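J.: Sharing a structure with you now.
The values are calculated or read from the model by the stated rules, or taken from the named source; none is laboratory data. Note that the coordinates shown come from a computational prediction; the quantities given were computed from them, not determined experimentally. Ideal geometry is used to build each Cβ from the backbone, glycine not excepted, and the neighbour counts take in all protein chains shown.
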Amino acid sequence: MDLGEGLRKAIARLSGATIIDSKTIREFNKELQRALISADVDVGLTFSLTRKIEDVALKENLPDGVSPKDYITNMVYDELVALMGERYEPEIKPKRILLLGLYGSGKTTTSAKLAKFYQDRGLGSALIACDVYRPAAYEQLETLAKQAGVGFFGIKGETDVRKIVAEARRTLKDKKVLICDTSGRNALDSELIDELKAINEEFEPDEKLLVINADTGQVAGKQAREFDAAVKLTGVVVTKLDGSGKGGGALSAVSAAHVNIAFIGTGEKLNAIELYDSKKFVGRLLGIPDIASLITHVQDAIKEANIRPEDAEIEELNFSTFYTQLKTLNKMGSMKNILGMLGAPDVPKEVSEQSEEKIKKYKSIIDSMTKEERENGSLLSSSSRIKRIAIGSGTTEKQVRDLISDFNKMKKVYSRFKTDRNMRKQFSRFMPK
């Protein structure tokens, strides 16, 4: 069970409560402690948080019109936000960023994600290959740079990191953001510290970001303190937060080490990186919709899919416009992450994985349609057309019919949305102001 699931189950136990008394709070705190500790949050921090919740809940009167569940949910939200650290807002300006981390942290992929992040914001970016020991590290970073559409520099076979950095700074002087990927180890030893200090002196970075895998849990705090003592960090990137049960432990441990969390990685795709905002993170843990982030993801996905914004707006829903929406959805990252933003994080994993597979099949099926069929779905009542599309897309006739059925249901909802003012008004409440 991950942290979010544990928190939501603890809060669900309050659904039938009509009053807040010591018994209610203590039973809730036991569930909360179990959820936090199983997610590898420090025991001391856990008990400090639950004591504070008990003290406040039993001393304050329940406000009129507020249910015990909503009242305590809000209290848990505030305390977890305080536990998880401050929001990070980077300056969008030319800079040099040094990435550090141990083996398996996701450092190389993160470097490409960061380069894309800044390039998408108008700052031409490039990656520098200074991981001179790991086999194929040079090739991996070069491939990722091409995928991200950013610059790349490295000297294959060279082990003098000072030489690589000095040459990179001369070669990439037209780039606004330079990101240096460095070697890792199984632990921070004197050899790695000396190498990082050499790069630090030659590169003169504006930011030094430690990359930590969320699976490390409480150990993340120890890593942050050790690297900070060695090279004075400016922030931490916590990766693999899309599936880690120890994500809360890693974030709280880093915050307790008094090092800022800068970014979080939420998936494998190059756009699966977010500025850290403890309010949004805790909100998703508790199942609170994050519509503002969802809209940002949609806008970024539209750009990445090379779709003109006006084409993403549907005037008439047909298979052509539906295909545009599928392309956008495919660029938005994992279905689990999207459902979390919508406030539905507890959809079973097998269901979200089936949804991702279904999107891929639907795209293949629409690819096999003619232009006329895409624009006029009524043509698809023909069995011969369905059979031809199934063969062309490598699917079954049943899967083609499933798509047509799902599409027709969606079209009915869309038609209702266009004509029902009250429905549009209800939806507009969730839109960012």
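J.: Restricting to the stretch 155-183, count the residues that are surrounded by fewer than 21 Cβ atoms within 10 Å (Cβ to Cβ) and not charged (D, E, K, R). Spell out the reasoning first.
T.: Step one: filter the stretch 155-183 for residues surrounded by fewer than 21 Cβ atoms within 10 Å (Cβ to Cβ), giving 155-160, 162-163, 166-167, 169-174, 176.
When the remaining residues are screened for being not charged (D, E, K, R), the result is 155, 157, 159, 166, 171-172.
Of the residues in the stretch 155-183, 6 are surrounded by fewer than 21 Cβ atoms within 10 Å (Cβ to Cβ) and not charged (D, E, K, R).
J.: Still on this structure, please answer the following. Is there a residue in the stretch 94-106 that is farther than 29 Å from residue 189 by Cβ, in contact with a strand residue (DSSP E or B) (Cβ under 8 Å, 6 or more places away or on another chain), in contact (Cβ under 8 Å) with a residue 60 or more places away in the chain and not charged (D, E, K, R)? Don't jump to the end; show me each part of the working.
T.: The initial filter retains those residues of the stretch 94-106 that are farther than 29 Å from residue 189 by Cβ, namely 94.
Cutting the leftovers down to in contact with a strand residue (DSSP E or B) (Cβ under 8 Å, 6 or more places away or on another chain) gives us 94.
Filter once more, so that each one left must be in contact (Cβ under 8 Å) with a residue 60 or more places away in the chain: 94.
Okay, now just the ones that are also not charged (D, E, K, R), so 94.
Yes; the residues of the stretch 94-106 include at least one that is farther than 29 Å from residue 189 by Cβ, in contact with a strand residue (DSSP E or B) (Cβ under 8 Å, 6 or more places away or on another chain), in contact (Cβ under 8 Å) with a residue 60 or more places away in the chain and not charged (D, E, K, R).
J.: Which numbered condition in (1) in contact (Cβ under 8 Å) with a residue 24 or more places away in the chain; (2) surrounded by fewer than 22 Cβ atoms within 10 Å (Cβ to Cβ); (3) under 30 Å from residue 202 (Cβ atoms) is the only one that residue 117 fails?
T.: For residue 117, the failing item is (2).
J.: Further, regarding this structure: Looking at (1) of a type in the set (S, T, N, Q); (2) within 16 Å of residue 2 (Cα to Cα); (3) at pLDDT 80 or above, can you tell me which one residue 278 breaks?
T.: Answer for residue 278: the failing condition is (2).
J.: List the strands (runs of 3 or more DSSP E) inside the stretch 136-214, counting only whole elements, that have at least 3 residues being on the phi < 0 side of the Ramachandran plot and in contact with a Phe, Trp or Tyr (Cβ under 9 Å, 6 or more places away or on another chain).
T.: Working: elements: 151-153, 177-182, 207-213.
Where strands (runs of 3 or more DSSP E) fall fully within the stretch 136-214 and carry at least 3 residues being on the phi < 0 side of the Ramachandran plot and in contact with a Phe, Trp or Tyr (Cβ under 9 Å, 6 or more places away or on another chain), they are 177-182, 207-213.
J.: Moving on. Hey, can you tell me all the residues within the stretch 247-265 that are surrounded by 22 or more Cβ atoms within 10 Å (Cβ to Cβ) and either among the aromatic types (Phe, Trp, Tyr) or in a loop (DSSP other than H, G, I, E, B) (or both)?
T.: 259, 263 - these are the residues of the stretch 247-265 that are surrounded by 22 or more Cβ atoms within 10 Å (Cβ to Cβ) and either among the aromatic types (Phe, Trp, Tyr) or in a loop (DSSP other than H, G, I, E, B) (or both).
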